[in-house]
1. Filter segment 52-62 down to the residues that are open to solvent by 60 Å² or more (accessible area, probe 1.4 Å) and not in a helix (DSSP H, G or I) and list them by number.
2. Which of the residues belonging to segment 154-175 are open to solvent by 50 Å² or more (accessible area, probe 1.4 Å) and over 26 Å from THR201 (Cβ atoms)?
3. Of all residues in segment 174-201, count the ones that are within 23 Å of GLN55 (Cβ to Cβ) and hydrophobic (A, V, I, L, M, F, W, C).
4. Considering each residue of segment 63-111, count those that are touching a Ser or Thr at 6+ places or on another chain (Cβ under 9 Å), closer than 17 Å to LEU7 by Cβ and open to solvent by 40 Å² or more (accessible area, probe 1.4 Å), and give that number.
5. For segment 175-192, which residues satisfy the criterion of being touching a Gly at 6+ places or on another chain (Cβ under 8 Å) and not in a loop (DSSP other than H, G, I, E, B)?
6. I need the full set of residues from segment 1-29 which are at pLDDT below 95 and either charged (D, E, K, R) or within 18 Å of ILE79 (Cβ to Cβ) (or both), in order please.
7. Looking at segment 195-209 only, could you name the residues that are open to solvent by 50 Å² or more (accessible area, probe 1.4 Å) and part of a strand (DSSP E or B)?
8. Can you tell me which residues in segment 1-39 are part of a loop (DSSP other than H, G, I, E, B), surrounded by fewer than 15 Cβ atoms within 10 Å (Cβ to Cβ) and of a type in the set (A, V, I, L, M)?
Amino acid sequence: MQQYTYLLIDFCTVIICFIFSFHPKIKFYRHFTAFLKASCIVASVFIIWDIWFTQRGVWWFNDTYLLGIRVYNLPVEEILFFFCIPFSCIFTYFCIDKFFTLDWNPLPEKAFVCLSIISSLIIAFYSHDKIYTLVTFASTAVSIFILYFVLKSRWIGKASLIYLFLMPGFFAVNGILTGTGLESPVVNYNPQDFLGIRMLTIPIEDTVYGYEMILWNIFLFQKFKNNEQD
């Protein structure tokens, strides 16, 4: 059964959200096409990133917990990860946004955005010799700048708050992948390529990596969803 570990993590991540997508008060199933378009675009970028980092030895995967099917040296479970995690996150964002008002006032949101960009750039600059930290924080700073100042996305504050709500699920999923409750991690990291700061077993870079991925999924999902309504 160990070889199904990562696959089961993917399945458990998505199944409850998928079932509730058909709830008559939610009806998220109506936007499956918008989600698939958004997730395919974002996943393609992050999968290329993943392939590159895997080839460089920034991280690698424990075959004990895998089916053994690989695409460009990536386990098929890792590829599914880039669809399952965004599905659960976008579903949660959709539900919270539908039933609650979490919009930020312009000034606090702009201050948060600017602080996030500056902080990410500082960390990237001082971690220029650690490729996972450098690429993750630098690309996140650029992404936030583009989304807020170029694409005029005025939901960054709200999305960041909802991402914070998602942290318990993030710790559960990423915790298992990085070794919580297992004899050895599913995903291993080269200690020379990241800061070494972990939340339980999870590298802090993973939270930023996930944050950037979800921001782009939200942006594209909303774009495609709005196009469906036109």
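The values are calculated or read from the model by the stated rules, or taken from the named source; none is laboratory data. These numbers come from a predicted model, not from an experiment. When we count neighbours, we look across all protein chains shown, and the Cβ atoms used for this are built from the backbone with ideal geometry, even at glycine. Side chains are part of the model used for accessible areas, which takes the heavy atoms of the whole protein and leaves out ligands, DNA and RNA. Shrake-Rupley method; radii C 1.70, N 1.55, O 1.52, S 1.80 Å.
1. Selection gives TRP60 alone.
2. The one that is open to solvent by 50 Å² or more (accessible area, probe 1.4 Å) and over 26 Å from THR201 (Cβ atoms): ARG154.
3. 5
4. Matching residues across segment 63-111 total 2.
5. Step one: filter segment 175-192 for residues touching a Gly at 6+ places or on another chain (Cβ under 8 Å), giving 175, 181, 185-186, 190.
The one that is touching a Gly at 6+ places or on another chain (Cβ under 8 Å) and not in a loop (DSSP other than H, G, I, E, B): GLY175.
6. GLN3
7. Across segment 195-209, the qualifying residues are ARG198, MET199.
8. Scanning segment 1-39 gives a single hit, MET1.
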